[in-house]
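Step one of this worksheet: look at the structure below.
The values are calculated or read from the model by the stated rules, or taken from the named source; none is laboratory data. Worth saying up front: this structure is predicted, and the values here are computed from it rather than measured. Cβ placement follows ideal geometry from the backbone for every residue including glycine, while neighbour counts extend to all protein chains displayed.
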Amino acid sequence: MTVRLSGTWELSTDHASSSYGQPVLVNRSTGEAFGPGDIRKAGLNGFRPAGEMVRRLAKTAKLDAEGRGLVAKFADAMKGGNQ
């Protein structure tokens with residue numbers, strides 16, 4: 001499953017870096033994937049964990065119930081809920 005969060009970012013369980021159904025944050029331009037605790041440059045807002053980026057991006061993305069579930073699974077992994 002892949003959920004587009006913005007023009008640049010998507011969450012995916014189909015990426016090679018995903019395992020056991022755990023989604024990864026994927027840069028659509030480069031194909032590079034990140035886990036919830038990976039620190040990423042967040043535009044002009046400095047650096048943030050990927051999990052926090054996903055929570056922020058999800059606020060403006062048009063997500064269905066399945067997409068919201070994938071976001072929750074990614075964010076929960078940052079807290080240690082699915083690791």
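Table for the structure above
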| quantity | calculated |
| --- | --- |
| Of residues in region 1-40 being closer than 22 Å to residue 65 by Cα and among the acidic types (Asp, Glu), the one nearest to the chain's Cα centre (by Cα) | 10 |
| Residues of region 11-21 that turn out to be modelled with pLDDT of 95 or more and either assigned to a strand (DSSP E or B) or closer than 16 Å to residue 58 by Cα (or both), as a count | 2 |
| Filter result (buried (at least 17 other Cβ atoms within 10 Å of the Cβ) and either outside any strand (DSSP E or B) or in contact with a Gly (Cβ under 8 Å, 6 or more places away or on another chain) (or both)) within region 1-10 | 3, 5 |
| Options 48, 4: the member that is among the charged types (D, E, K, R) and touching a residue at least 40 places away in the same chain (Cβ under 8 Å) | 4 |
| Candidate set: region 35-61, residues that are assigned to a loop (DSSP other than H, G, I, E, B) and modelled with pLDDT of 90 or more; chosen: the one surrounded by the fewest Cβ atoms within 10 Å (Cβ to Cβ) | 37 |
| Every residue from region 54-74 that is of a type in the set (Val, Ile, Thr) and within 13 Å of the chain's Cα centre (by Cα) | 54, 71 |
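This table checks each residue for (1) modelled with pLDDT of 90 or more; (2) basic (Lys, Arg).
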position	(1), (2)
6	yes, no
28	yes, yes
33	yes, no
63	yes, no
73	yes, yes
82	no, no
